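The structure appears right after this line, and notes come after that.
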Amino acid sequence: MTAIGQGRPASGPALRATVFVVLAVIGLFLPRLLGGTSVAYSTLTTIAIFAVMCYGIDIVLSYLGEVSLGHTLFWAIGGYTAANLSVKYGLNGWSTALATIALCVVAAGFLGAVTLRTREFVFSLVTYAAAVVGYEIAFNWDAIGGSDGIVGISALKLPFGVATFSGATQEDLWPVALALLLLTLIFIARFRRSRLGTAALMVQMNPALAASLGIDPRKIRLAVFVLSAPITGLAGWLYAYQRAYVGPDMFETYFLVLMLTSVVLVGRRVLVGPLIGTALLIAQQNLFSLGGDWNKIILGAVLALVLIFWPAGLIGLFRNFRKAKLSPQEKPQE
Amino acid sequence: MNIAQQIVNGLVLGSGYACVALGWTILLGVARLVNFAHGQLYMLGAFVTWYAMVKAGLPYPVAILAAIIALGILGVLLQTAMMRLVMTQNLTSLMIVTLGFGYVLQGGSALIFGGNPQTLPVTLARAKVDLGSLWFTWQDVLVFAATLLLYGAVWLFTRKTRYGSVIRAVAEDPKLAELFGINARIVYLLVFIFECAAVALGAALVAPRSPILTSMGFNEVIMTFVVVVLGGIGSITGALLAGLGLGLFIAFFGAFVAQAYTTAAAFALLLILLVIRPAGLATK
């Protein structure tokens with residue numbers, strides 16, 4: 001009990017909120033601190049969008065301990081919804097975002113429900129196959145874009161009562177991307193302490209205890225999966241406005257591998273882990289790129305090697321290092 | 001567009017699916033392991049065969065052998081790297097690790113073999129057989145015969161020999177099997193080598209039918225999933241029947257409904273089955 005008590009002093013919530021607001025304000029001016037160039041803006045916007053995308057798969061992988069290989073489907077649902085509704089029906093950003101959430105929940109609910117009674121790796125297989133099927137449909141169905149995709153998505157418009165926010169340039173989009181990222185972080189932080197979050201963790205860490213408390217692991221899996229889909233979906237939604245284009249390339253394995261690598265690189269169950277992981281990986285690809293094929297080798301190798309040699313990620317490596325420094329004094333007692 | 005020709009097409013397609021899925025079936029069924037690099041291994045098998053034939057000028061059978069050996073060696077390396085995860089049966093990590101390996105193989109192959117589509121110059125794939133109104137190629141005959149032969153051999157091996165029971169004992173409980181003096185590491189290694197060699201053989205036989213690309217990955221062998229799950233995870237006869245059945249379904253769906261949505265149709269079939277029989281068709 002003391003361990004938990006120490007972590008949360010009485011002034012915890014107020015202090016945390018203050019720190020959070022300060023960080024958010026710093027975040028808002030971060031591109032300007034980094035030179036204010038359009039490259040700084042677009043790189044940071046991309047990192048924020050991709051980090052949100054990764055948080056979707058993070059809550060499935062970190063807290064549930066299962067592997068969804070179908071999150072590119074939700075990513076693409078977000079992109080295609082934003083593109084189709086804004087180009088064909090002229091809907092504003094709020095409507096397309098709501099539609100994205102609704103469609104992602106429906107798709108995830110359907111996939112989760114049909115795999116409800118199957119073993120966990122069948123869940124992974126089916127989610128993976130769903131993404132491949134999604135690709136086939138997006139590629140062949142001309143009404144939603146077909147193989148050419150949809151070009152010329154107009155600027156993101158978010159009306160606030162009297163004023164309307166318009167995100168025409170990368171500079172304008174940064175506050176939206178940052179806001180989406182911060183909202184996601186708050187959501188994940190709340191999820192970690194929620195009943196569903198703790199139940200998911202219990203199912204992963206101690207299935208026997210979960211069963212004895214009457215928790216059905218499969219229902220927990222369904223709930224967490226459905227909750228995770230709109231997060232990745234909203235990232236895809238903003239990505240469509242950022243690129244002003246969506247196409248079947250949103251289904252590429254690259255996004256899936258990036259999501260998984262971002263989560264495992266820093267360490268699972270670390271709140272800011274996926275954000276730092278995404279930032280590191282995007283920085284490598286944008287600033288220290290060795291060409292597409294080498295970047296693939298690096299990304300895939302990081303993913304495989306981290307899980308093989310440091311399953312706890314960079315955080316685990318750091319903890320081991322600290323332990324190793326402490327151990328000389330402790331050794332005689334062992 | 002007659003029915004008999006579609007049955008022939010279905011058997012041709014289906015034997016291809018079953019042939020490529022054999023390694024996965026064994027890996028998943030008898031060793032309870034998952035390998036998401038399967039698609040890239042298929043791609044690599046096809047490209048090694050292509051390289052051996054076009055660049056090194058080797059005859060087709062020798063090129064097949066080269067692909068099997070090359071992927072067998074790769075299998076040793078991959079499995080050695082994953083051994084700790086395999087021994088602890090950490091399926092979650094294994095799925096992600098193999099996905100990472102697949103991505104590395106895709107990038108590496110693009111560097112070595114280039115980004116252009118290639119075709120395997122196998123003469124059998126162009127040798128047509130005409131039977132009245134029906135037609136197929138000698139390559140199709142080869143794939144069909146080889147698939148039946150392979151499945152028969154594997155079935156006999158796992159059911160009728162002592163080694164088959166050893167593998168199943170390890171799959172059931174690696175620690176318990178080790179108590180009985182079985183080296184589980186060796187068994188896992190051999191099963192994984194078999195998976196790699198089998199997918200190389202499958203690729204060398206099936207890939208001459210269509211152009212090959214280093215980026216084709218799992219989409220090319222997505223039917224492997226459907227075959228393995230439809231057949232009832234790990235059932236050898238189940239996988240063979242599921243492969244042939246799926247081939248017939250795809251042939252008829254493609255001919256009479258929509259060629260563009262065959263993968264979606266196969267997936268719909270899979271979902272329906274998962275709801276009715278979550279453990280697959282072959283189970284009682």
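Below are the figures for this structure:
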{"item": "Odd one out for residue B:45, checked against (1) in contact with a helix residue (DSSP H, G or I) (Cβ under 8 Å, 6 or more places away or on another chain); (2) touching a residue at least 60 places away in the same chain (Cβ under 8 Å); (3) surrounded by fewer than 22 Cβ atoms within 10 Å (Cβ to Cβ); (4) not basic (Lys, Arg)", "result": "(3)"}
{"item": "Failed item in (1) free of Cβ contacts under 8 Å to residues at least 12 places away in the same chain; (2) in contact with a Ser or Thr (Cβ under 9 Å, 6 or more places away or on another chain), with residue A:74 passing the rest", "result": "(1)"}
{"item": "Number of positions in segment B:231-258 that are within 13 Å of another protein chain (Cβ to nearest Cβ), assigned to a helix (DSSP H, G or I) and under 13 Å from residue B:24 (Cα atoms)", "result": "0"}
{"item": "Enumeration of residues in segment B:80-109 that are in contact with a Lys or Arg (Cβ under 9 Å, 6 or more places away or on another chain) and more than 7 Å from every other protein chain (Cβ to nearest Cβ)", "result": "B:83, B:86, B:87, B:89, B:90"}
{"item": "Filter result (surrounded by 20 or more Cβ atoms within 10 Å (Cβ to Cβ), touching a Gly at 6+ places or on another chain (Cβ under 8 Å) and assigned to a helix (DSSP H, G or I)) within segment A:135-158", "result": "A:138"}
{"item": "Qualifying residue in segment B:218-230 (condition: modelled with pLDDT of 90 or more, within 14 Å of another protein chain (Cβ to nearest Cβ) and not in a helix (DSSP H, G or I))", "result": "no"}
{"item": "Subset of segment A:177-210 (residues that are in contact with a Gly (Cβ under 6 Å, 6 or more places away or on another chain) and closer than 19 Å to residue A:276 by Cα)", "result": "A:178"}
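Yes/no matrix, rows are residues, columns are (1) aliphatic (A, V, I, L, M); (2) over 23 Å from residue A:245 (Cβ atoms); (3) touching a residue at least 24 places away in the same chain (Cβ under 8 Å); (4) out of contact with any Cys (no Cβ under 7 Å at 6 or more places or on another chain):
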position	(1), (2), (3), (4)
A:104	no, no, yes, yes
A:110	no, yes, no, yes
A:126	yes, yes, yes, yes
A:135	no, no, yes, yes
A:141	no, no, no, yes
A:144	yes, no, yes, yes
A:152	no, no, yes, yes
A:155	yes, no, yes, yes
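This table checks each residue for (1) assigned to a helix (DSSP H, G or I); (2) under 19 Å from the mean Cα position of the chain (by Cα); (3) surrounded by 23 or more Cβ atoms within 10 Å (Cβ to Cβ).
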site	(1), (2), (3)
A:203	yes, no, yes
A:215	no, no, no
A:218	yes, no, no
A:223	yes, yes, no
A:276	yes, yes, no
A:280	yes, yes, no
A:283	yes, yes, no
A:293	yes, no, no
A:304	yes, no, yes
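The values are calculated or read from the model by the stated rules, or taken from the named source; none is laboratory data. All values reported here derive from a predicted model rather than from experimental measurement. All Cβ positions, glycine included, derive from the backbone under ideal geometry; neighbour counts span all protein chains shown.
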